Amino acid sequence: PSTMQEKVHNYFDYLWDSRKGFDETAVVNELPTPLRVELSLFLNRHFIEKVPIFKGARPDFIRDIVMNLQSVVFSPGDFIVRKGEIGNEMFFISKGSVEVVGDDEKTVFATLQDGNFFGEIAILLSVPRTANIRAKEYCDLYMLDKHSFDNVLNNYPDFKEHIQKLAEERAKGLGK
């Protein structure tokens, strides 16, 4: 359909305008490992350091989390998460803005922008999502999936214990 053609065309226009045809992940992955780590930390550390559950984490833990981030793009109007679905990832907004919307998909409760994050409860508790999150415009996000998060945590038993306590507190707060 013509509306779908237009969405696809607009998506590739956005990618061209914002990245000049380069796939950021592919370019970064071509770098030698030490430079890839250094660049990834420089570009993404500030996202991770804002997340309360990562407060007090060792630098090597932060490095391992940053190295597991995946770049994703959402188009205007795309639902990134829907209330009720089981969440297996959290997101960090690199560029763009998202809206927290009601079940009617019209009521906007909040707008999150560059540097904000959402979905941390999902990687802690694997519970149904508590909100709908929709892209307000084209959004460049970084995603951390639960599997990668758990794998990193397994390498840091002391911090894993700290995270488990935080998860228990969050669960109590949610009445779970």
Out of the total accessible area of the stretch 103-176 (probe 1.4 Å, heavy atoms of protein only), what percent is carbon and sulfur?
47 percent
Express in Å², to the nearest 10, the accessible area of His147 obtained by rolling a 1.4 Å probe over the protein heavy atoms while all chains stay in place.
130 Å²
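Using heavy-atom solvent-accessible surface (probe 1.4 Å) with all chains present, what is the largest-first order of Met67, Met90, Met143, Met4? The partial results should precede the final answer.
Numbers: Met67 70, Met90 0, Met143 30, Met4 115 Å².
From most accessible down to least: Met4, Met67, Met143, Met90.
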Quick one: accessible area per residue over the stretch 1-152, 1.4 Å probe, rounded to a whole number of Å²?
55 Å²
Residues of type aspartates and glutamates that Lys146 reaches as a straight line, Cα spacing below 17 Å, ignoring anything fewer than 8 places off in the same chain:
Asp64, Glu85, Glu89, Glu120, Glu161, Glu168
Classify the stretch 42-108 from the C-alpha gyration tensor, please: rounded if a/c falls under 1.5, else prolate or oblate depending on whether a/b exceeds b/c.
prolate
Per DSSP helix of 4 or more residues, -39500 (n - 2.57); summed, then divided by the residues of the chain. What does that give at 222 nm, rounded to the nearest 500?
-14500 deg cm²/dmol
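Over 23 Å apart: what share of the alpha carbon pairs of the chain falls there, rounded to a whole percent?
46 percent
The values are calculated or read from the model by the stated rules, or taken from the named source; none is laboratory data. Note that the structure is a prediction, hence the values are computed from the model and not measured. Only protein heavy atoms, including side chains, enter the accessible area calculation; ligands, DNA and RNA are left aside. Shrake-Rupley method; radii C 1.70, N 1.55, O 1.52, S 1.80 Å.
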